[in-house]
Each structure stands twice: as C-alpha cells, then as structure tokens.
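Heads up: the structure comes next, in structure tokens.
The values are calculated or read from the model by the stated rules, or taken from the named source; none is laboratory data. Since the model is a prediction, treat every value here as computed from it, not as a measurement. Glycine gets a Cβ as well: all are built from the backbone with ideal geometry, and neighbour counts include every protein chain shown.
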Amino acid sequence: MAKNEELYEAIMKGNRNKVLEIIKDAIENKADMGDILDGSMIPAMRDMGDKFSRNEVYVPEMLIAARAMQAGLELVEPILADTGHQPLGKVCVGTVKGDLHDIGKNLVAIMLKGAGYEVIDCGVNCDVSKFEAAVKDDGATVVLCSALLTTTMPYMKDVVGAFKGNPNVKVVVGGAPVTNEYANTIGADGYGSDANEAVKCVDALLEKTA
C-alpha cells in the first residue's frame, strides 16, 4: 500500500496537529481511509514500537506518538466503520484488581489500536467479571492484563483460570514486575515485556500480521 511519508513522520514525531491536518485534508479529498490506516498509520506505530523495544526511544516519546496516533484514529475510525473495514480482531486490556496504574495499559491499548485491532479498554482495578464481560458482551478473543505492583500480580492467575475452559480466548500478561517465567507459571498464553511485544504476542496468538 502507498505510504504517506508526511503522515508517517508526523506520527513518529508525535506531531498531533500535523497528523490532524493531513488526515482532514485526506478526508476532504476523499482518500481511501483504509489505505491511510494500513499504509501509513499502522506502519508508523509498529516502527515506533520497534524503536521502543530497542531502547532508541523511551516512554515519553512513545506517549507523544501514541497521542498523535489516537487523535488521527478518532477521525479515521468512524469513516472506516461506515465502509465496513474490519479490524484484525477484538481484544481487551485492563489493569488487574487492586492496581490503579494505567500508563502501561494505555500504551498497550494504543499500540494495539495502531496495529489494527479493535480494543475494549476495561480500565484499572479490573476483577475477573470485567474481563469476562469484554469477552461475552463485546467479543474479545484475547485478554491482556497488566500489573505494576508485585502485590497485585497474583490476581493474574485468577484471570488466567477464568478462561482456561474457553479454547477461543487467550490471556496475555505483562507489567513491570511480570516475567515470562511468571507468565508460564500461572499458565498464561502469552507475555509482553513491553507494549510492542504485547502486540507481537497478540499477532502470534491470532496468527495476524499487519
């Protein structure tokens, strides 16, 4: 797909106003929004995520890029919905019960949206019922739960256990104190060391690539 280099660079640099200007102009000129999303916006966020994983950019730069991406998505998504454009899949994200931290969770959510997934954000302090509702009522097939506190990590096991009997739902865990070893110990289907790795994990579980 054709890449709009100007839009790609604006997202990479986190230039929210420029992103909005370019997309509004594209809408006025009746450009293909699917092409805008798949050809420029998604590649920008995936490349930004790769830079983050390589420690070439850090959380502040990621947040700025994510906010620019989100602003653009708010213009693009309604148009795509009207054209029947389908997301790669439906996933839900949330910080587990007892934990009120949301920066990491928010980064994962915007990275997943930027990768082409429909995201149900369950928020913070999520008990099992919130994740179950996202699966039952909204159709999420991957549950991503985050924890920043070692005291809230054990609740992830409850979330994993809640979906063990459902072969159509996968659970991915992550957060500062969480390790791949811990994810394996509690029987999670995947582990994301950061937001970018969480997206790659979802890609692998659903066998999707953007």
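Numbers for the structure displayed
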{"read-out": "Scan of the stretch 10-54 for residues that are free of Cβ contacts under 8 Å to residues at least 12 places away in the same chain and either part of a helix (DSSP H, G or I) or crowded, with 22+ Cβ neighbours inside 10 Å (or both), ordered by number", "value": "N17, E21, D25, E28, K51"}
{"read-out": "Subset of the stretch 173-205 (residues that are farther than 23 Å from V57 by Cβ and buried (at least 16 other Cβ atoms within 10 Å of the Cβ))", "value": "V173, Y182, A183, I186, A188, D189, G190, L205"}
{"read-out": "Residue count for the stretch 80-126, restricted to those that are within 20 Å of A65 (Cα to Cα) and either surrounded by fewer than 17 Cβ atoms within 10 Å (Cβ to Cβ) or among the aromatic types (F, W, Y) (or both)", "value": "2"}
{"read-out": "Subset of the stretch 132-152 [touching a helix residue (DSSP H, G or I) at 6+ places or on another chain (Cβ under 9 Å) and without any contact (Cβ under 8 Å) to a residue 40 or more places away in the chain]", "value": "E132"}
{"read-out": "Check on E181, over 14 Å from the mean Cα position of the chain (by Cα), among the charged types (D, E, K, R) and either within 21 Å of G89 (Cα to Cα) or at pLDDT 95 or above (or both)", "value": "yes"}
{"read-out": "The stretch 161-178: number of residues that are without any contact (Cβ under 8 Å) to a residue 60 or more places away in the chain and either within 26 Å of D47 (Cβ to Cβ) or in contact with a helix residue (DSSP H, G or I) (Cβ under 9 Å, 6 or more places away or on another chain) (or both)", "value": "11"}
{"read-out": "Scan of the stretch 141-170 for residues that are under 19 Å from V124 (Cβ atoms) and basic (K, R), ordered by number", "value": "K157"}
{"read-out": "Members of the stretch 127-147 that are under 17 Å from G174 (Cα atoms), crowded, with 21+ Cβ neighbours inside 10 Å and aliphatic (A, V, I, L, M)", "value": "V142, V143, L144, A147"}
